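Below is one structure; the comments refer to it alone.
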Amino acid sequence: MTNEPPDPRSSMWAWIAYALRWNRVERGETGDTLAKTLNCARSTISRLETGEAKLADGQAAKIDKLWRTGGFFTIALWYARLGHDPNWMKSFGEFERRATAVYTYSGQLVPALLQTPDYARAVLMAGRPKDLEGTLAKRMGRQALLERPDPPELSVLLSESVLDLPIGGPAVMRAQLQHLLDMSERFGIVVRVVPREAGAHEGLDGPFKIFRVREGDVGFVEAPTGGRLVPEADEVRELHARFERIGHVALPVQSSRKLIRSLMEGMV
């Protein structure tokens, strides 16, 4: 069965995927031929044409040169990165579910994968969702990946300010901190805290995640009205470097647990 391209009207990224397949077919070129041109697997071409993967700068430049497009794909990439991708949540969910490792920094909230239902409810209520219960169920459902026989490794860096903000009230927050402690005891889950004494650090630029999937690493930068997936290798490497530098000023695992426990016990 032939994989169909996405609706080109749904987003700029979908338009690029659609245009890639249309141009290839129009020129009578097979997916194998294009894969050789781009020095990648035939499956990568399929993923590019269905929108599951995103065209990289070097690939766009090669295609523009080969097909003499006048720089169409290179320019299209530039515009796609300027805009918000309306399908970001679907793509985000797919990468999260397929990840073998997740790296996340948060300076405001406990990451969704480690939230308790009551904490998540309080967070979501503040955002006034149209369907609170449905949205809550979806968020809690994401945590199922941590219960798999082969869960992803989870490395979390949290600002200390995340831990003493009484979201939902003291009782809800104490339960959330206890849950953090419990989860941090699991094999493959690391939780470290960036203390206030660290002062200014790169995490102040905002929260981000990195997913390690079979094809490579994909980053995600959060924003108030959505977010932006970061598939480009250079940008993902920079996110890894940022995560590492934030980690340099974070407390060790045991000291982080001690701080979480202290804050939990002092919360009244």
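The values are calculated or read from the model by the stated rules, or taken from the named source; none is laboratory data. Model, not experiment: these values are computed from the prediction. Here Cβ is always computed from backbone atoms with ideal geometry, including for glycine, and neighbour counts include all displayed protein chains. Heads up: the accessible areas ignore ligands, DNA and RNA and are worked out on the full protein's heavy atoms, side chains in. Shrake-Rupley method; radii C 1.70, N 1.55, O 1.52, S 1.80 Å.
For the structure I just gave you, tell me whether Thr104 is within 30 Å of Leu55 (Cα to Cα), surrounded by fewer than 17 Cβ atoms within 10 Å (Cβ to Cβ) and of a type in the set (S, T, N, Q). Criteria not met by Thr104. Within the set Glu160, Glu153, the sole residue that is farther than 14 Å from Leu113 by Cβ, touching a strand residue (DSSP E or B) at 6+ places or on another chain (Cβ under 8 Å), modelled with pLDDT of 95 or more and not basic (Lys, Arg) turns out to be Glu160. Checked against the criterion of being open to solvent by 20 Å² or more (accessible area, probe 1.4 Å) and closer than 19 Å to Asp234 by Cβ, region 65-73 contains not a single residue that satisfies it. Restricting attention to region 1-31, the residues that are touching a residue at least 12 places away in the same chain (Cβ under 8 Å) and in a helix (DSSP H, G or I) total 14.
Restricting region 180-201 to residues that are among the charged types (D, E, K, R) and in contact with a strand residue (DSSP E or B) (Cβ under 9 Å, 6 or more places away or on another chain), the residue that is least open to solvent (accessible area, probe 1.4 Å) is Arg192. For a quick check of your reading of the model, give me the residue pairs whose first member lies in region 197-226 and is over 24 Å from Ser91 (Cβ atoms), whose second is part of a loop (DSSP other than H, G, I, E, B) and open to solvent by 30 Å² or more (accessible area, probe 1.4 Å), with beta-carbon atoms closer than 8 Å and at least 6 apart or on different chains. Here the result reads Ala198/Val249; His201/Val249, each pair linking region 197-226 to a residue that is part of a loop (DSSP other than H, G, I, E, B) and open to solvent by 30 Å² or more (accessible area, probe 1.4 Å). Please verify whether Leu55 is touching a residue at least 12 places away in the same chain (Cβ under 8 Å) and buried (at least 16 other Cβ atoms within 10 Å of the Cβ), treating the condition exactly as stated. Here the answer is yes, as Leu55 does meet what is asked.
For region 64-76, a residue qualifies if it is over 21 Å from Leu229 (Cβ atoms) and in contact (Cβ under 8 Å) with a residue 12 or more places away in the chain, and the qualifying residues are Leu66, Trp67, Thr69, Phe72. If you go through region 32-45 and keep only what is part of a helix (DSSP H, G or I) and without any contact (Cβ under 8 Å) to a residue 40 or more places away in the chain, you end up with Asp32, Thr33, Leu34, Ala35, Lys36, Thr37, Leu38, Arg42, Ser43, Ile45.
Okay, residues lined up against (1) crowded, with 19+ Cβ neighbours inside 10 Å; (2) among the hydroxyl-bearing types (Ser, Thr, Tyr); (3) closer than 16 Å to Tyr103 by Cβ:
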site	(1), (2), (3)
Gly141	no, no, no
Pro149	no, no, no
Leu157	yes, no, yes
Ser161	no, yes, no
Leu165	no, no, no
Ala171	no, no, no
Gln178	no, no, no
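Of all residues in region 122-131, count the ones that are modelled with pLDDT of 90 or more and either over 19 Å from Val172 (Cβ atoms) or open to solvent by less than 40 Å² (accessible area, probe 1.4 Å) (or both). Total meeting the criteria: 4. For region 202-247, filtering for residues that are touching a helix residue (DSSP H, G or I) at 6+ places or on another chain (Cβ under 9 Å) and open to solvent by 80 Å² or more (accessible area, probe 1.4 Å) leaves 5.
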